[in-house]
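Read through the structure below, which is laid out as structure tokens, and then see the notes.
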Amino acid sequence: MRDADGTLPVRVPNRQVRETYDRIARLYACTVARLEAPSQRRALAGLALSPGDTVVDVGCGPGRLLPELADRVAPTGTVLGVDAAPSMLAQARARARTAGVSDRVALALGDARRLPVPTGTADAASLLDVLDLFDREDLRAVLAECRRILAPDGQLCVVTMDRARVPESRFLRLYEWLYQHVPGFAAVGCRPIPATEALQAAGFSVRSAESFRRGGVWPVACFRCTPAADAEPV
């Protein structure tokens, strides 16, 4: 059964999703993560980052974008990658070491719903192909945590499958069908979500929104947001 807005419910526990990504981390790093990287890179390019900034990449996965973020905040800034899957962090750690940015990249095993980051200390945060892993309650918790860790003038970058695009996208309709009917498919957790509504309900102002097509067929939406000045923290 769908939610009132048409969003499919998460069908497996978050723990099972985490275990799936932990198990497939190496394969994911050289397949799906490689396909996702160009649109994620374009999304992050819109963030106004400066040397010395602190950036938190929530759900950093195998860390493909961490070296680029580290270069943008060099020489005194810090990039913190947080992920719940130890094998993903191992991939990210190796990538940072190979890129020579380990001095500016910190990695933490953690839950996006309870980030290991002090309040108001991040200049920017990113949620790249992460929000569509969570059910409605956990989605609120993740966005509340992002708002908590951001400075008042901080920036949030989100890339996700947007439920608003489903009616016009054969790919997203097929994706939802597979999620509902193919055994094991739901273990990856992802499905389109009502992104704009979720961000606004969490106290963010959407400053820009763009659409990208991965491989010419997979539509994702990029949102760049700031904490809304007139909204109370949630």
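A few notes on this one:
- Among (1) more than 19 Å from Arg34 (Cα to Cα); (2) crowded, with 21+ Cβ neighbours inside 10 Å; (3) of a type outside the set (A, V, I, L, M, F, W, C) - the single one Asp83 does not satisfy: (1)
- Restricted to the stretch 118-234, the set of strands (runs of 3 or more DSSP E) holding at least 2 residues that are without any contact (Cβ under 8 Å) to a residue 60 or more places away in the chain and small (Gly, Ala, Ser) comprises 204-214.
- Within the stretch 31-50, residues that are in a helix (DSSP H, G or I) and surrounded by 18 or more Cβ atoms within 10 Å (Cβ to Cβ) reach no partner that is modelled with pLDDT of 95 or more and of a type in the set (S, T, N, Q) with beta carbons closer than 6 Å at six or more positions or on different chains.
- Residue check: Pro62 meets all listed conditions (1) in contact with a strand residue (DSSP E or B) (Cβ under 8 Å, 6 or more places away or on another chain); (2) crowded, with 21+ Cβ neighbours inside 10 Å; (3) assigned to a loop (DSSP other than H, G, I, E, B); (4) not β-branched (Val, Ile, Thr) but one, namely (1).
Condition check ((1) closer than 30 Å to Ala74 by Cβ; (2) at pLDDT 95 or above) across all residues:
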| residue | (1), (2) |
| --- | --- |
| Ala92 | yes, yes |
| Ala106 | yes, yes |
| Arg136 | no, no |
| Arg140 | no, yes |
| Ala144 | no, yes |
| Phe185 | no, no |
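- Complete set of residues in the stretch 65-93 that are in a helix (DSSP H, G or I) and touching a residue at least 60 places away in the same chain (Cβ under 8 Å): Pro86, Ser87, Met88, Ala90, Gln91
- When Gly120 is tested against (1) crowded, with 24+ Cβ neighbours inside 10 Å; (2) over 14 Å from Leu44 (Cβ atoms), just one condition goes unmet, and that condition is (1).
The values are calculated or read from the model by the stated rules, or taken from the named source; none is laboratory data. Model, not experiment: these values are computed from the prediction. Heads up, the Cβs are rebuilt from the backbone with ideal geometry, glycines too, and the neighbour counts pull from every protein chain shown.
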